[in-house]
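For reference, the structure is listed below as structure tokens.
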Amino acid sequence: MSAFVLMLREGVEAALIVAILLAYLDRLAVPGRARWVWGGTAAAVAVSTAIGVVLWVTIGELEGESEALVEGLVAVAAVALLSWMVFWMGRQARTLRSELHAKVDVALASWGAPALAAVAFVAVVREGVESALFLISTTVGETSSSTQVVGALLGLAAAVAIGYLFYIGSHLIDLRVFFRVTGLLVILFAAGLVAKGVHEFQELGVLPTFSEHLYSLGVLDPASSTVGRFLNGLFGWTPDPSLLMVVAYVAYLVPVTAAFVRMTGSSSAQRRPTQADSSMATSVSSR
């Protein structure tokens, strides 16, 4: 589920970018330019896949303290990117279409059709590299990564479907609600990565332990429970965390969630007309 949610969100962002570019080219009625967008997209996918393979091969060969150190560093890097991604999309979702349209206009006017490939490549490769890092953070240290691969592929398939619906102009998808819900899930996932990073650094002796097991519930153990494995993969659940893991989890989750909810909720409030606006509109309409 962690791989599904992450790839769904990253895939939707990439799919929306491609859909907006293609829809705008359709509106401009410039035949033959769409292939440049697809070419840039394909190149971005190839580069992202290559980077992911290199990262996986490199990290997968590590053992012992080196593996624990890399797991901790990857978790910290993934948390930083996840946090940036959630807030960036929260701020840019309303202006993404107009910004991409402006880039297409500049590209066509300055460099011609090949520049469309560059616009698509830069936009999609960012999502692809982030996706590779996030998948590494969910699979590194696991005995089997087949379920993560299946979840990632299902997430990408759902993202492509959403992108296609957006391209054909479907109004069945409320993207604001979609990004808010998935954003909250990603924040929960990132909080789990924070706790995971703390655990790895505690094993290395870089961070103090204080209390090795703040509590031990004895239920939903990821080693023996399917539900426990599900919660561990999606939210970083563990039945016996250390004190510092719990503190780090809460210290990240509470303020980040509050800031995200405040930011995504303020947009609708800002669009709500004030009494002065209503009076002005009435005055204008009566002239």
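So, R0 is 30 Å and r is the distance between the beta-carbons of GLU203 and ALA259; what FRET efficiency does that work out to, to 0.05? Provide the component values of the computation, followed by the final result.
On the way: r = 31 Å, r/R0 = 1.02.
Approximately 0.45, to the nearest 0.05.
Here is the P(r) of the range 2-267: all C-alpha pair distances, binned every 10 Å from 0, give 7, 27, 32, 21, 10, 3, 0 in whole percents. Computed from the Cβ-Cβ distance with R0 of 45 Å, the FRET efficiency linking ALA161 to PHE210 stands at 0.45.
For ARG229, ARG35, what ranking results if the residue with the fewest other Cβ atoms within 10 Å of its Cβ goes first? Walk me through the numbers before you get to the answer.
Numbers: ARG229 18, ARG35 12.
Going from least to most buried by this count: ARG35, ARG229.
Using R0 = 35 Å, the C-beta based FRET efficiency linking ALA118 and ARG176 works out to 0.75. With each label modelled as a point 7 angstrom along the Cα→C-beta vector, the ALA251-GLU67 pair spans 2.8 nm.
By the beta-carbon count within 10 Å of each Cβ, the least crowded to most crowded order of TYR249, TYR24, fewest first, is TYR24, TYR249. Listed values for the range 68-75 are Karplus-derived 3J(HN,Hα) couplings in whole Hz (6.51 cos²θ - 1.76 cosθ + 1.60, θ = phi - 60°), namely 4, 5, 5, 4, x, 5, 5, 4, and x replaces Gly and Pro.
In the range 2-267, a dipole from Cβ-located charges (positive for Lys and Arg, negative for Asp and Glu) runs towards its positive end, and of LEU243, THR49, ALA15 it is ALA15 whose Cα lies farthest in that direction. Relative to the current alpha-carbon distance between TRP84 and LEU153, full extension at 0.36 nm per residue lengthens the span by 22.5 nm.
Each reported figure results from applying straightforward, stated rules to the coordinates on display, with no laboratory input. Since this is a predicted model, take the numbers as computed values, not measurements. A quick note on method: Cβ atoms are made from the backbone with ideal geometry, for glycine too, and the neighbour counts reach across all protein chains shown.
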